[in-house]
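Comments concern the structure below.
Laboratory data are not the source of any read-out in this text; all were calculated from the coordinates shown. Quick caveat, the model's predicted, so the values are computed rather than measured. Note that we place each Cβ from the backbone using ideal geometry, even for glycine, and neighbour counts take in every protein chain shown.
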Amino acid sequence: MKICHVITRMIVGGAQENTLATALGLAARGHEVTLLTGPGTGPEGSLLDVSGAPSALKGVRLVVEPHLVRPVHPLRDALALRALEQHFRRETYDIVHTHSSKAGIVGRTAAWRARARGAPLIVHTIHGLAFDAFQPWWKNRLFIALERRCARHTDALISVCDAMTRQALAAGVGQPAQYQTIYSGTDFSAYPAAQAARGGTRALLGCPADAFVLGFAGRLFALKGAEEFVRIVHAASEAARAVHGVIIGGGPLRAQLEAQARAWGLGDRMHFTGLVPPEAVPRMLCAADLVVHASLREGLARVIVQSLALGVPVAAYDVGGAREVLVDGENGIVCAAGDERGLTARVREAVADDALRGRLANGARRTDVSRFDVRRMVGQIEGLYMRLAAAACPGRQGGVQSLTDKS
């Protein structure tokens, strides 16, 4: 099948890692895959750069559309819409698969306008929703209206967790039959080596063997939990034992976070790794005794799944699909969204109570993460494509042939 994945930017982030893994996995299965992205990278860094592009693309064609940008920009959005429509008409894809809100709105509208003889089929993945309590009312209304309109021209909607489906349907976006939950996939093959290197990683980061290490991984950006993490480390450091913090990732808040850590006397106990390649994240997470994820805007955070797969419990807010993998008191700690005082108290309890930390770690190790395996994700997405193609082209064997080939 001829497939195009569309996303606004390939920064270091969960949606981008999901998109790249999907494109690579489908290409490895013999499909002709294009990754169409905007030019933006941002202070979070470029996933393609840290992954070693272009060699990392492994058979995936990369197309950069300069007008496809993340912020709302009427002129550039109109130019991007026209460029994508022309591209889709020229390339005659079987599937156009868009990711996240902005690329989803522009990409699906362009694909619908370019549709001829039933192709391309249009698929969209909801990694997170653009409307929430942290957006201005007018922006929420705008995005909900646009998402509702685009859903009418979408053949299938993929959610990265059941929570995203419920929230989207509650807002009137799409119909239940359009949705399928496909969890974001991770390659766990290198995790045993990361676990074996735990002691060496802690030493490399400057964390003593007897320290209690709190970990954070994500973009250093508003609402993603990095500021809360520094405050929680500061509060936990009042315990009798030594507490260190490890922040994995980059972003515009780094200088502010470093200054705050120094002001609170955490300079030698707060370790910033900066941007690291996705394959290095598991090794860094293994250094932690407890990962803290206080993000207020998520679909289902990949770091939660990655940490549990490494046997590291997680303390998180009840945001997005967190409860679809975390069980409070068994493999982690779950607090109401925004309850920083409650989350801090629970983390301090885990720092002070070795028995509690041991129970949580044992629970993390027992967590079944097989539904988050990258091969399973790619297989489920490919299966969805095949079902859509078969329905669009009755008589074709599994819809494998090009949808535009109807002679």
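Structural remarks
- Rounded tilt (10° steps) of 14-28 against the dominant C-alpha axis of the chain: 50 degrees
- Mean separation of Cα contacts under 8 Å (6+ apart) over length of segment 191-369, as relative contact order %: 23 percent
- Positive-pole candidate from Thr98, Ala355, Ala316, dipole of the chain, charges at beta carbon: Thr98
- 10 Å binning of all Cα-Cα separations within segment 179-318, expressed as whole percents from 0 upward: 12, 45, 34, 8, 1
- Compactness index (Cα Rg / 2.2 N^0.38 Å), segment 85-151: 1.21
- Contact order normalised by residue count of the chain, Cα under 8 Å, 6+ apart, percent: 15 percent
- Rounded to the nearest 20 debye, the dipole magnitude of the chain is 1200 debye, with +1 charges on Lys and Arg beta carbons, -1 on Asp and Glu beta carbons, and the Cα centre as origin.
- Once the Cα atoms are used to define both axes, helix 354-366 deviates from the longest principal axis of the chain by about 20 degrees.
- Stretching Lys139 away from Asp49 to a fully extended chain increases their span by 29.2 nm, per 0.36 nm per residue minus the current alpha-carbon distance.
- Between helix 374-392 and the chain: long-axis angle, C-alpha atoms, 0 to 90°, nearest 10: 20 degrees
- Between the labelled values (1) 22.7; (2) 33.3; (3) 22.0, the entry that holds Kirkwood radius over Cα pairs in Å as derived from this structure is (3).
- Relative to the Cα centre, the charge distribution of segment 167-234, modelled as +1 at Lys and Arg Cβ and -1 at Asp and Glu Cβ, gives a dipole magnitude of about 60 debye.
- Expressed to the nearest 5 percent, the antiparallel share of DSSP beta bridges inside the chain is 5 percent.
- Farthest positive-ward along the chain dipole, Cα basis, beta-carbon charges - from Val327, Ala151, Ala288: Ala151
- Candidates Thr344, Phe221, Ala27 compared by Cα position along the dipole of the chain: farthest toward the positive end lies Ala27, with charges placed on Cβ.
- DSSP bridge pairs, segment 191-369: antiparallel proportion in percent, nearest 5: 5 percent
- For segment 191-369, a crude dipole built from +1 on the beta carbon of Lys and Arg and -1 on the beta carbon of Asp and Glu, taken about the Cα centre, is about 320 debye to the nearest 20.
- Principal axis dimensions, largest first and in whole angstrom, of segment 150-200 by Cα: 52, 19, 15
- Over 21 Å apart at the Cα level, from the set Lys58/Lys224; Lys102/Lys224; Lys58/Lys102, are Lys58/Lys224; Lys58/Lys102.
- Linear extension gain, Ala352 paired with Arg82, 0.36 nm per residue minus alpha-carbon span: 91.3 nm
- Modelled label reach - Arg341, point 7 Å along Cα→Cβ, segment 273-309 residues with backbone N closer than 20 Å: 294-296
- Euclidean distance of C-alpha centroids, segment 303-347 and segment 92-108, integer Å: 32 Å
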